[in-house]
Amino acid sequence: MVHNDIKINTDGQLEYVEGSDQLYTGSSQTYYENGNPQHVGQYEDGLMEGLWVYYYENGKVYAKIPFLLGLTNGLTETFYEDGTPQLKGHSKNGVRDGIWTTYKVDGTLEREEHYIDGEIVN
């Protein structure tokens, strides 16, 4: 089911059903003109919740981002269009926390950065 009366909100702000004061709970999906999904996710009481998956227009996964109470929490992964990993790292309460690894297009390591509560420490 497609809901055109909501918008994606990744900053932890509450999402309401358009034209009302009712917090939105339910799925959120958008599609490219070719019919492939652009994103798939879920709202609970107005906040992004669970795993949100974003796609390239060709249908391949671009990003997997987990949310808890509207903020990123858990392992975030992004991918190049051929499916090769691009970025991996954990977030806690909406900020980077732990090792974030960036990969080159050929799959080799580009860099690693260590974060504590959103602050880079290396």
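Rule-based calculations on the coordinates, nothing more; no lab input. Remember, predicted model here, so these are calculated numbers, not experimental data. Don't worry about glycine lacking a Cβ; one is built from the backbone with ideal geometry, like all the others, and counts go over all protein chains shown.
For G70, the residues whose modelled amide H falls within less than 5 Å of its own, excluding neighbours fewer than 5 places apart on the same chain, are M48.
Dipole magnitude for segment 12-118: computed about the Cα centre from +1 point charges on Lys and Arg Cβ and -1 point charges on Asp and Glu Cβ, it is near 320 debye. For segment 68-122, trypsin sites (Lys or Arg not before Pro) meeting the loop criterion (DSSP other than H, G, I, E, B) and having at most 13 other Cβ atoms within 10 Å: K104. All other residues whose Cβ lies under 11 angstrom from that of Y115 are scored, Lys and Arg at +1 and Asp and Glu at -1, for a net of -3. Close amide H pairs (under 5 Å, H built 1.01 Å from N) link R96 with G118, residues at least 5 positions away or on another chain.
Comparing G94, G19, G74 in a Gaussian network model of the chain, where Cα atoms under 10 Å apart are tied by springs, the biggest mean-square fluctuation is seen for G19. Here the 3J(HN,Hα) profile of segment 79-90, calculated from phi with Karplus coefficients 6.51, -1.76 and 1.60 at θ = phi - 60°, is 9, 6, 4, 8, x, 5, x, 10, 8, 9, x, 9 Hz, Gly and Pro shown as x. Rounded, prolate or oblate: pick one for segment 26-120, where a ≥ b ≥ c are the square roots of the eigenvalues of its C-alpha gyration tensor, a/c under 1.5 means rounded, and failing that, prolate if a/b is larger than b/c, else oblate. Oblate, since a/c reaches 1.5 and b/c is not below a/b. For segment 58-122, the set of GluC sites (Glu not before Pro) satisfying both a DSSP loop assignment and a count of at most 13 other C-beta atoms within 10 Å is given as E81. With K and R counted +1 and D and E -1, the other residues having a Cβ less than 12 Å from that of L68 yield a net charge of -1.
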